[in-house]
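Novice: To start, I am sharing the structure in question, which I have written as structure tokens.
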Amino acid sequence: MQVDDERDGSRPGAGDYHSLRIMLEEAGLFKKQPWYYFQKTSVTLSLLVMAMLLVVALKNTGLHLLGAALMAFAFMQVGLLAHDAGHHAIFARKTSNRMLGLLLGNLCLGISNSWWIYEHNRHHRYANRIGLDPDLTNPVVVFVEEQALSRRGLLRFIARFQAVLFLPLLMLESVSLRVKSIGFLIDRRPASAPIEGVLIAGHFIVYLGFVLSVLDRWDAGWFVMTHQALFGVYAGSVFALNHMGRPVLSADRATDFLRHQVVASRNLRSHPVTDFIYGGANYQIEHHLFPSMARNKLKAAKKFVRAFCQEKRIEYRETSVSEGYREVFAYLHTIGATLSGKQPGGALWRRMNR
């Protein structure tokens with residue numbers, strides 16, 4: 001199943017969405033961009049190969065960790081391409097996107113493409129809706145006061161100090177993605193499960209085989225831990241900016257597709273470096289409105305979407321990268337502070353809200 005755009009013209013506010021979509025269609029922004037993605041994929045895989053060669057060439061543990069950092073960056077760039085393939089944003093044919101997603105997600109990263117599409121579909125449809133958006137059902141991080149108050153023991157302590165612990169917790173995100181992937185394939189047993197299982201196994205055989213063949217066991221252990229931790233931090237810090245700190249909606253709150261997706265999302269201001277690092281996720285509003293749009297067309301779409309939202313008086317939130325992270329950590333602190341029995345305050349709160 002593909003995450004697709006809202007097409008139900010009978011829903012309240014659907015007319016606004018379709019009016020906006022027509023503008024973008026007339027501007028030619030829905031044309032597929034295979035050449036752009038060929039170049040992007042070539043650069044990304046070159047980064048991955050470069051990181052591997054760097055590990056082979058370098059001779060001490062500290063430099064090996066530098067290679068691990070570059071490989072973590074390359075892994076996330078591969079993940080962003082797999083994300084686009086999952087949205088059918090690369091090729092016109094769904095089967096071509098599916099095949100590319102399997103190669104990038106399962107083989108290159110060891111993450112189930114089917115699981116990712118299943119979870120991400122639900123996230124797109126129910127973005128920031130408590131009880132419906134799977135991104136708000138994290139077993140560790142809490143997003144509303146009710147979740148915080150329900151925590152007990154160690155999870156309650158983590159929730160209380162989640163703003164401080166958030167980045168360290170992201171170091172485990174890589175492991176979490178693999179566990180969820182394998183659990184999905186075992187429990188749900190999609191038709192693609194056998195080939196996905198083989199590709200994931202192939203990933204770990206090649207990955208561990210490479211590391212153990214060029215590094216001794218001590219260096220290999222440090223390399224794997226550093227690489228996976230940095231991959232998790234990079235992935236988590238990219239996706240945290242998309243919606244965290246934006247309004248959380250109740251499951252039964254009535255709102256149309258356009259307003260729901262815009263208000264629940266946050267954009268980052270355009271810059272070539274930002275576009276490269278965040279891989280189009282920095283145009284989160286446009287991506288959520290038109291998920292099958294090619295990444296390199298989102299910036300052009302932003303001009304139409306922002307002007308349209310201003311005309312319709314719909315809040316369109318765009319921040320700098322630093323401002324976005326301040327909002328995220330301030331939000332995490334606010335929810336965690338529920339467990340202190342006090343209103344949010346203190347030095348940490350003041351620093352995050354300056």
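Coordinate-derived values only; no laboratory data. Bear in mind that the values here come from a model prediction, so they are computed numbers and not experimental data. When we count neighbours, we look across all protein chains shown, and the Cβ atoms used for this are built from the backbone with ideal geometry, even at glycine.
Novice: Given labels modelled 7 Å from the Cα in the Cβ direction, how far is it in nm from D256 to L63?
Specialist: Between D256 and L63, the simple spin-label model gives 6.1 nm.
Novice: If one computes P(r) from the Cα atoms of the chain, what percent of pairs lie at distances over 35 Å?
Specialist: It works out to 25 percent of all Cα pairs.
Novice: If you place +1 on the Cβ of every Lys and Arg and -1 on the Cβ of every Asp and Glu, how big does the dipole about the Cα centre of the range 16-74 come out, in debye to the nearest 20?
Specialist: In total the dipole reaches around 260 debye.
Novice: Which order, highest average first, do 32-40, 80-88 follow once you tally other Cβ atoms within 10 Å for each residue and take the mean per peptide?
Specialist: 80-88, 32-40
Novice: If you take all C-alpha pairs in the range 111-227, what percent of them are over 25 Å apart?
Specialist: Roughly 41 percent, once rounded to a whole number.
Novice: Follow-up question, since we're still on this one. Which whole-angstrom value gives the distance between the alpha carbon centres of the range 57-101 and the range 213-231?
Specialist: First find each Cα centre; the distance between them is then 18 Å.
Novice: Explain nothing, just compute: Karplus ³J(HN,Hα) = 6.51 cos²θ - 1.76 cosθ + 1.60, θ = phi - 60°, for every residue of the range 59-64 in order, whole Hz, x for Gly and Pro.
Specialist: 10, 9, 4, x, 6, 4
Novice: Return the long-range amide H neighbours of T319 (sequence gap of 5 or more, or a different chain), with a cut-off of under 5 Å between placed amide H atoms.
Specialist: Those lying under 5 Å, H to H, from T319 are N267, L268, R269.
Novice: Follow-up question, since we're still on this one. Return V142, V56 ranked ascending by Cβ neighbour count within 10 Å, so the fewest neighbours appear first.
Specialist: V56, V142
Novice: How do M171, M50 line up, fewest other C-beta atoms within 10 Å first?
Specialist: With the sparsest Cβ surroundings first, the list reads M50, M171.
Novice: I would also like to ask the following. Quick one: among G101, G110, G197, which has the greatest mean-square fluctuation in a GNM of the chain with alpha-carbon springs under 10 angstrom?
Specialist: Top of the fluctuation ranking is G197.
Novice: Long-range amide H contacts for L249: which residues qualify at under 5 Å (H placed 1.01 Å from N, peptide plane, sequence gap of 5 or more or a different chain)?
Specialist: It is R129, I130, by chain and number.
Novice: Only counting other Cβ atoms within 10 Å, I'd like V55, V321, V206 sorted with the fewest neighbours first.
Specialist: Fewest to most other Cβ atoms nearby, the residues stand as V206, V321, V55.
Novice: Under 18 Å from a point 7 Å along the Cα-to-Cβ line of W218: which residues of the range 36-71 have their amide N that close?
Specialist: 58-66
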